[in-house]
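Participant: Sharing a structure with you now.
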Amino acid sequence: MRACLFSGGKDSTLALHMSEEAGRRVDLLVTLIPRSEFSYMFHRPNVELTGLQAEALGMKHEMVPTPGEKEAELADLERALRDLGVDELVTGAIASIYQKNRVDALCAGLGIVHEAPLWGMDQVAEIREVAARMNAIITRTAADGLDEGMLGKRIDDAMVERLIKLRERYKINVSFEGGEAETFVLDAPMFRKCIGVVRAHVVMSGQAGTYVIDEARLEGKKHD
């Protein structure tokens, strides 16, 4: 079985699309749900809504709880992949050696092929690809220069240019691989329906902020 480690954010969604477009069909989306807000490996904001994204994609989906504690969360992923019978895994890693090395080692131990379609991709090229192909919004900010006003906003061409300017000043990674921000995809080419945010609120903790989606629903795409 070919699975995609799916967080609902821009990177795993783009990796899913790239794999499918290369003719390598994904059978299952696997989402780890960390209890900790500070998981080293897994995306946290709004991850519970990945089920709605899976429905929009028309794909099978497994949600796996994990405490989100360093190293222990890898054991939860390993157990899930083994129990689900996964023999190929797609991930959205771009430049995080910490994450990729651990998934590489885990997959090697299980005899699973690990594919990271975005690995080594230029960060500006990646965020431009997201802006061109998806409706992805920023759901967490945690770096200098990224402010509350960005939360809930779409990554469009104007946002990309703003991020590039912030990189020049603050040295941020514009694809957010350094933990600068998190995202949530509302629409993408493979989505049969898009996701509409009904209610949401912002939570600030010091300089860090989170856009919490309280209610969302599937909606028809504009061209339907």
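Participant: Could you tally the net charge around residue 133, taking each other residue with its Cβ under 10 Å from the Cβ of residue 133, Lys/Arg +1 and Asp/Glu -1?
Facilitator: Local net charge: 0.
Participant: Counting Lys +1, Arg +1, Asp -1, Glu -1, what net charge surrounds residue 3 among other residues with beta carbon under 10 Å of its beta carbon?
Facilitator: Combined, the nearby Lys, Arg, Asp and Glu give -2.
Participant: Check which residues have an amide H placed less than 5 Å from residue 61's amide H, if you skip close sequence neighbours.
Facilitator: 29
Participant: Which ³J(HN,Hα) values, rounded to whole Hz and listed in residue order, are derived for the stretch 4-9 from phi using the Karplus coefficients 6.51, -1.76 and 1.60 in 6.51 cos²θ - 1.76 cosθ + 1.60 with θ = phi - 60°, glycine and proline given as x?
Facilitator: So the Karplus estimates, Gly and Pro as x, are 10, 6, 10, 9, x, x Hz.
Participant: Another question about this same structure. Among the aspartates and glutamates, which fall within straight-line cross-link reach of residue 222, defined as a Cα-Cα distance under 14 Å, with same-chain neighbours fewer than 8 residues apart omitted?
Facilitator: By straight Cα distance, residue 222 reaches 187.
Participant: Which of the three applies to the stretch 123-219, rounded, prolate or oblate, going by the alpha-carbon gyration tensor with a ≥ b ≥ c and a/c under 1.5 meaning rounded?
Facilitator: Note, shape of the stretch 123-219 comes out oblate.
Participant: Where the only charges are on Cβ atoms (+1 Lys, Arg; -1 Asp, Glu), what is the dipole of the stretch 2-115 about its Cα centre, to the nearest 20 debye?
Facilitator: My answer is approximately 100 debye.
Participant: Then there's this: How would you rank 182, 148, 168, going from fewest to most other Cβ atoms within 10 Å of each one's own Cβ?
Facilitator: 168, 148, 182
Participant: Give the aspartates and glutamates reachable from residue 60 as a straight Cα distance under 12 Å; neighbours fewer than 8 places away on the same chain don't count.
Facilitator: Residue 60 reaches 27.
Participant: Using the 10 angstrom Cβ neighbour count as an exposure proxy, how do 5, 151 rank, fewest first?
Facilitator: Fewest-to-most ranking of 5, 151: 151, 5.
Participant: Give me the percent of DSSP beta bridges within the chain that run antiparallel, rounded to the nearest 5.
Facilitator: Antiparallel bridges make up about 55 percent of those DSSP assigns within the chain.
Participant: Oh, and also: Let me know the shape class of the stretch 1-144, please: from the alpha-carbon gyration tensor, a ≥ b ≥ c as square roots of the eigenvalues, rounded when a/c is under 1.5, otherwise prolate if a/b is greater than b/c, or oblate.
Facilitator: It is rounded, given that a/c, with a ≥ b ≥ c, falls under 1.5.
Participant: Excluding residue 19 itself, calculate the net charge of residues whose Cβ lies under 12 Å from the Cβ of residue 19, where each Lys or Arg counts +1 and each Asp or Glu counts -1.
Facilitator: Charge balance near residue 19 sits at -2.
Participant: How do 47, 202 rank when sorted from fewest to most other Cβ atoms within 10 Å of their own Cβ?
Facilitator: Values: 47 22, 202 14.
Ordered by Cβ neighbours within 10 Å, fewest first: 202, 47.
Rule-based calculations on the coordinates, nothing more; no lab input. Small disclaimer: the values here were computed from a predicted structure and weren't measured. Neighbour counts are summed over all protein chains in view; Cβ atoms, including those assigned to glycine, are modelled from backbone coordinates with ideal geometry.
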